[in-house]
1. Which one of these does GLN74 not meet: (1) touching a residue at least 12 places away in the same chain (Cβ under 8 Å); (2) within 30 Å of ILE242 (Cα to Cα)?
2. Write out, first by first residue and then by second, each pair whose Cβ atoms fall under 7 Å of each other, whose residues are 6+ apart or on separate chains, and whose first residue, in the stretch 1-19, is basic (Lys, Arg) while the second is surrounded by 15 or more Cβ atoms within 10 Å (Cβ to Cβ) and not in a loop (DSSP other than H, G, I, E, B).
3. Quick one: is GLN226 out of contact with any His (no Cβ under 7 Å at 6 or more places or on another chain), surrounded by fewer than 17 Cβ atoms within 10 Å (Cβ to Cβ), without any contact (Cβ under 8 Å) to a residue 40 or more places away in the chain and part of a helix (DSSP H, G or I)?
4. Could you figure out which of (1) under 21 Å from THR26 (Cβ atoms); (2) without any contact (Cβ under 8 Å) to a residue 60 or more places away in the chain; (3) of a type outside the set (A, V, I, L, M) isn't true of GLY123?
5. Does at least one position in the stretch 158-165 carry a residue that is closer than 27 Å to ILE97 by Cβ, crowded, with 21+ Cβ neighbours inside 10 Å, among the hydroxyl-bearing types (Ser, Thr, Tyr) and in contact with a helix residue (DSSP H, G or I) (Cβ under 9 Å, 6 or more places away or on another chain)?
6. Identify all residues within the stretch 1-14 that are buried (at least 17 other Cβ atoms within 10 Å of the Cβ) and in a loop (DSSP other than H, G, I, E, B); write none if there are none.
7. Being over 17 Å from the mean Cα position of the chain (by Cα) and surrounded by 14 or more Cβ atoms within 10 Å (Cβ to Cβ) is the filter; apply it to the stretch 40-61 and report the residue that is farthest from SER130 (Cα to Cα).
8. Please give the strands (runs of 3 or more DSSP E) falling wholly within the stretch 70-189 in which 2 or more residues are among the aliphatic types (A, V, I, L, M).
Amino acid sequence: MREAIALKTERLYGYQPDADSDITVTAGATEALYAAITALVRNGDEVICFDPSYDSYAPAIALSGGIVKRMALQPPHFRVDWQEFAALLSERTRLVILNTPHNPSATVWQQADFAALWQAIAGHEIFVISDEVYEHINFSQQGHASVLAHPQLRERAVAVSSFGKTYHMTGWKVGYCVAPAPISAEIRKVHQYLTFSVNTPAQLALADMLRAEPEHYLALPDFYRQKRDILVNALSESRLEILPCEGTYVFAGGLQRGFYPG
C-alpha cells in the first residue's frame, strides 16, 4: 500500500516519497497527528495552531509538555494574517499545525500561503504538520495545494492524510503520513507503542483500490460540490448567512444581522 501511496503522491504533487522510509500507515489520521506531535514536541516547546481547529491538536500537545499558541482566524474568510503569525514566533516555537481544506471554516490554502509560511519560518528550526485529510474535497479551481508540493517545506513537514475521508470508510480507521526519513523514524517510534500496526485486510483492499481505480478521488470534488450547492440553495431563503465553502463537507454560517429584535 505504501508503494501505491508513493505513486499517488507523485502523480498529484510532483514528489515521490520513498515508500519504505517516508510513509507511515496509521490507525486513522488522528493517530498520525498524535504520533507526529509526540515525536516532534518536547517539554516547554511552543506550537502554533490556527483556531478554530480540530479538537485533538491541543490535548496531544499538552501530553507532550508543549504550549499551545493560538492564532484566531477571523470570519468571513478565515485567512492567515502573516504579520500576526510572525509576531507569534519565538525561540521556543517548535511546530506549526495547519489544516487545509479547513474544518470547520471550509477555507483552503493556496501555494501562496505555503510560500508565506516558508518565508516566515525559513530562518528558524520549526517543523510543520499539514493536516490534509480533506485533500480530495477541495473546490478551488487551482486544486489542492499540499505542503508536499513545496520543496523546502516538505523537508521539515509531516503531511497527514485519511483514507476514511477519501473512500467513505471513516470507521475503518486507516490513514497515513508522509515525512522525510529522519522525521518518519521518530514518528514510527511512537506508532510502535500506540497501535503497533494497522489491520492488514483494509491495507490490502486499499492498495488494490489505489491501483485499480486511481482516478476515483478525482471525481470527489464534483460529487461533494453538488451536495454543497443543494444545501446552500435550500438554506438561501433562511435567516442564516452562509459563508463561502471552498472545501470539506462542512460549511460555516451565522445569523444575519437584525435577526434578534432590538
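No value in this document is a laboratory result; all are computed from the given coordinates. For clarity, every value in this text was computed on a predicted model and none was experimentally measured. Quick reminder, even Gly has a Cβ in these numbers, built from the backbone with ideal geometry, and neighbours come from all protein chains shown.
1. Only one criterion in (1) touching a residue at least 12 places away in the same chain (Cβ under 8 Å); (2) within 30 Å of ILE242 (Cα to Cα) is unmet by GLN74, namely (1).
2. Going by the 7 Å Cβ cut-off, the qualifying pairs are ARG2/ILE23; ARG2/VAL25; LYS8/LEU210.
3. yes
4. Only one criterion is unmet by GLY123, namely (1).
5. For the stretch 158-165, residues closer than 27 Å to ILE97 by Cβ, crowded, with 21+ Cβ neighbours inside 10 Å, among the hydroxyl-bearing types (Ser, Thr, Tyr) and in contact with a helix residue (DSSP H, G or I) (Cβ under 9 Å, 6 or more places away or on another chain): present.
6. Answer for the stretch 1-14, where residues must be buried (at least 17 other Cβ atoms within 10 Å of the Cβ) and in a loop (DSSP other than H, G, I, E, B): just MET1.
7. So the residue we want is ASP45.
8. Of the strands (runs of 3 or more DSSP E) lying wholly inside the stretch 70-189, those with at least 2 residues that are among the aliphatic types (A, V, I, L, M) span 93-99, 127-131, 157-162.
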